[in-house]
Amino acid sequence: MADKVATLHLPDRAEPVSLPIHSPTQGYDVVDIRKLGDAKLFTYDPGFMATAACESKITYIDGDAGVLQYRGYPINQLAEKSDFLEVAYLLVNGELPNKAELEDWNYRITHHTMVHEQMARFFQGFRRDAHPMSIMIGVVGALSAFYHDSLDITNPVHREISAIRLIAKVPTLAAMSYKYSIGQPFVYPKNNLSYSANFLRMMFAVPAEEYEPNPILVRAIDRILILHADHEQNASTSTVRLAGSSGANPFACIAAGIASLWGPAHGGANEACLNMLQEIGSVDRIPEYIRRAKDKNDSFRLMGFGHRVYKNFDPRATIMRQTAHEVLHHLGADNDPLLKVAMELERIALQDPYFVEKKLYPNVDFYSGIIMKAMGIPMNMFTVMFALARTTGWVAQWKEMIAEPSQKIGRPRQLYTGHTERNYVELGKRG
Ligand code: SDX
């Protein structure tokens with residue numbers, strides 16, 4: 001029972017409306033408006049700027065303080081001390097695993113990394129130059145055609161095996177999307193490799209020679225996956241929840257999340273950011289782009305800057321920046337011109353009153369593209385990498401929603417400003 005109440009006084013109503021206030025363990029109080037319908041009132045909040053669509057225990061962000069926690073653990077500690085599969089266990093199950101739990105989790109994920117051999121045929125239907133995200137939307141959704149034995153979302157055993165299959169198979173499908181686009185043969189997963197090492201091998205190994213994953217690059221990939229794994233109720237996670245609320249199977253829901261993530265305002269920003277850095281090309285052209293970003297009549301925005309929630313530094317960007325320097329140094333690319341442009345753009349933007357007043361800081365996408373490009377991952381695979389990591393967060397959020405006893409189908413209302421009722425006009429009588 002809420003111990004605080006908001007009282008809403010309305011101009012044309014004698015009686016005020018009392019609305020319970022719920023308090024979180026961290027963050028803002030929420031006003032429970034579910035009873036507003038009884039008072040024949042809706043709220044209006046396009047883009048959900050101030051609307052909590054659900055209760056969750058998975059991830060917490062404090063945008064003003066630049067804080068990101070997975071199940072209460074600060075992202076910088078997890079990025080430094082954990083690995084992606086352990087973080088995946090934490091997000092999905094709520095606690096860090098003990099040794100036996102971690103071994104079992106790693107074993108189950110590892111032994112589900114192969115896809116049905118017929119999945120390979122779906123790729124043949126795509127043009128070779130198809131964007132890998134278009135392929136991923138198709139093939140991840142198609143997984144539901146292969147698992148009729150576990151599509152009953154009311155069955156916790158089915159939910160568990162679907163979660164394992166999605167986390168295990170998305171890297172395999174992601175690497176297949178890349179191999180298909182460059183005309184190389186698919187590389188099967190190897191169970192003696194870690195999650196991130198397996199992914200790098202499936203991406204870059206060729207039958208003609210041995211491939212040994214570079215441990216520095218494996219660690220960098222693992223850190224990129226950790227940083228991108230979950231992020232509260234962002235656009236793609238909200239898409240997955242809304243799709244799941246209708247009872248759609250988890251493979252279809254994750255495919256919907258991939259589609260939403262593709263947008264340049266969301267997960268597509270890493271690819272858009274690198275395109276922007278390449279278009280700027282040199283440090284002396286930065287002022288021109290800063291001017292354009294500030295020009296209301298110019299649709300250009302600094303990709304990789306700004307965030308709906310972070311009005312301070314995105315803590316992921318800080319870790320990504322450090323990783324960029326480590327990887328480029330290891331690869332002998334300290335003088336990468338794109339890194340120079342990025343560093344100078346960041347320096348100038350952070351001093352510019354426009355960006356300071358609007359609290360526009362580099363976000364997670366600002367540096368990730370530089371790292372991935374240096375590692376040989378092509379730009380059109382950047383958002384696929386984001387989807388690979390975020391599949392774990394989507395799965396965790398989907399499982400949490402489905403297990404919620406009060407879970408209902410999501411069905412927002414609207415503010416209707418269209419025509420009032422009017423009669424049909426025969427064709428001959430129209431203007
Ligand atoms: C991700 O939600 C999540 O958590 C997302 C994510 C996750 O992990 O899931 O963190 C991943 O999507 C990160 C964001 C990646 N997107 C980009 O880098 C694209 C560039 N950024 C913007 O498009 C924008 O900042 C958003 C979409 C990220 C946030 O947009 P909001 O919160 O809707 O803010 P807004 O567009 O209303 O901008 C507020 C003001 C506007 O100016 P005014 O109308 O008030 O005068 O800031 C300006 C904007 O014009 N502005 C920018 C800008 N971003 C916002 N101006 C120049 N360059 C930018 N990048």
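The values are calculated or read from the model by the stated rules, or taken from the named source; none is laboratory data. As the structure is a computational prediction, the values presented were derived from the model and not from experiment. Cβ sites come from the backbone with ideal geometry, for glycine too, and all protein chains shown count toward neighbours. Remember, those area values only see protein heavy atoms, side chains included, never the ligands or the DNA or RNA. Shrake-Rupley method; radii C 1.70, N 1.55, O 1.52, S 1.80 Å.
Carbon and sulfur: what percent of the range 1-115's accessible surface (1.4 Å probe)?
Looking at the range 1-115 in its full context, I get 54 percent from C and S.
So, by mean Cβ neighbours within 10 angstrom, what's the order for 361-373, 118-130, 11-23, 257-269 with the highest one leading?
Output ranking for 361-373, 118-130, 11-23, 257-269: 361-373, 257-269, 118-130, 11-23.
For GLN118 paired with PHE313, estimate the spin-label separation in nm (one decimal), with each label point 7 Å from Cα along the Cα-to-Cβ line.
Here the answer is 5.2 nm between the modelled labels.
Mind listing P(r) for the range 188-259? All alpha-carbon pairs, 5 Å bins, whole percents.
Taking all Cα pairs of the range 188-259, the binned fractions are 3, 15, 17, 14, 14, 14, 13, 6, 3, 0 percent.
Ordered by packing density, taken as the mean number of other Cβ atoms within 10 Å over each peptide's residues, highest first, how do 296-308, 73-85, 168-180 rank?
Per-residue mean Cβ counts within 10 Å order the peptides as 168-180, 73-85, 296-308.
Starting from the range 83-151, pick out the GluC sites (Glu not before Pro) whose DSSP state is loop and whose Cβ has at most 12 other Cβ atoms within 10 Å.
GLU95, GLU117
Looking at the range 234-274 from every direction and averaging, what is the projected area of its Cα convex hull in nm²?
2.6 nm²
Ignoring everything except DSSP H segments at least 4 long, calculate the 222 nm mean residue ellipticity for the chain; use -39,500 (n - 2.57) per segment, divide by total residues, nearest 500.
The helix-only estimate for the chain comes to -15000 deg cm²/dmol at 222 nm.
Sort the following peptides by mean Cβ neighbour count (other Cβ atoms within 10 Å, averaged over residues), highest first: 218-225, 35-42.
Going by the mean number of other Cβ atoms within 10 Å, highest first, we get 218-225, 35-42.
For the range 151-223, with all protein chains present and a 1.4 Å probe, just round the carbon and sulfur fraction of the accessible area to a whole percent.
On the range 151-223, the fraction of accessible area on carbon and sulfur atoms equals 56 percent.
Using alpha-carbon pairs under 8 Å, 6+ residues apart, how would you state the relative contact order of the range 168-216 in percent?
33 percent
What lysines does LYS294 reach when the alpha-carbon gap must be under 26 Å and sequence neighbours fewer than 8 apart in one chain are set aside?
LYS311, LYS340, LYS358, LYS359
For the chain, calculate the relative contact order in percent as a whole number, restricting contacts to Cα pairs under 8 Å that are 6 or more residues apart.
Relative CO of the chain lands at 19 percent.
Checking the a/c ratio against 1.5 first, then a/b against b/c, what shape does the Cα gyration tensor give for the range 148-299?
Cα axes put the range 148-299 in the oblate bin.
Please compute, for the alpha-carbon atoms of the range 237-338, the extent along each of the three principal axes and give them in descending order in Å.
Per principal axis, max minus min of the Cα coordinates gives 53, 42, 25 Å.
May I ask you to list the chymotrypsin sites (Phe, Trp or Tyr not before Pro) in the range 372-414 that are in a DSSP loop and have at most 12 other Cβ atoms within 10 Å of their Cβ?
For chymotrypsin sites (Phe, Trp or Tyr not before Pro) across the range 372-414 that sit outside H, G, I, E and B with at most 12 neighbouring Cβ atoms in 10 Å, the list is empty.
In the range 270-315, what percent of the accessible surface is made up of carbon and sulfur (1.4 Å probe, ligands and nucleic acids excluded)?
Accessible surface attributable to carbon and sulfur in the range 270-315 totals 46 percent.
Leaving out ligands and nucleic acids, note down the accessible area per residue over the range 167-317 with a 1.4 angstrom probe, in whole Å².
About 39 Å² of surface per residue is accessible.
Work out, in µm²/s and without decimals, the Stokes-Einstein translational diffusion coefficient of the range 280-346 at 20 °C, 1.002 mPa s, Rh from Kirkwood over C-alpha pairs.
158 µm²/s
Beyond 18 Å, how much of the Cα-Cα pair distribution for the range 39-134 remains, as a whole percent?
So the pairs more than 18 Å apart make up 69 percent of the total in the range 39-134.
Any lysines with Cα under 22 Å of the LYS35 Cα? List them, leaving off those in the same chain fewer than 8 positions away.
LYS4, LYS408
Mind checking Rg over Rh on the chain, alpha carbons, Kirkwood formula for Rh?
The Rg/Rh ratio comes out at 1.00.
For LYS179, give me every one of the lysines with a C-alpha distance below 22 angstrom, ignoring sequence neighbours fewer than eight places off in its own chain.
Partners within reach: LYS169, LYS190, LYS373.
Tell me the label-point distance for the pair ASN423, ALA100, using the 7 Å Cα-to-Cβ offset, in nm and rounded to one decimal.
According to this spin-label approximation, the distance is 7.8 nm.
Just check the range 309-409 against the gyration tensor rule for me: Cα atoms, a ≥ b ≥ c as the square roots of the eigenvalues, rounded for a/c under 1.5, and otherwise prolate or oblate depending on whether a/b exceeds b/c.
Oblate is the answer for the range 309-409, as a/c is 1.5 or above yet b/c matches or exceeds a/b.
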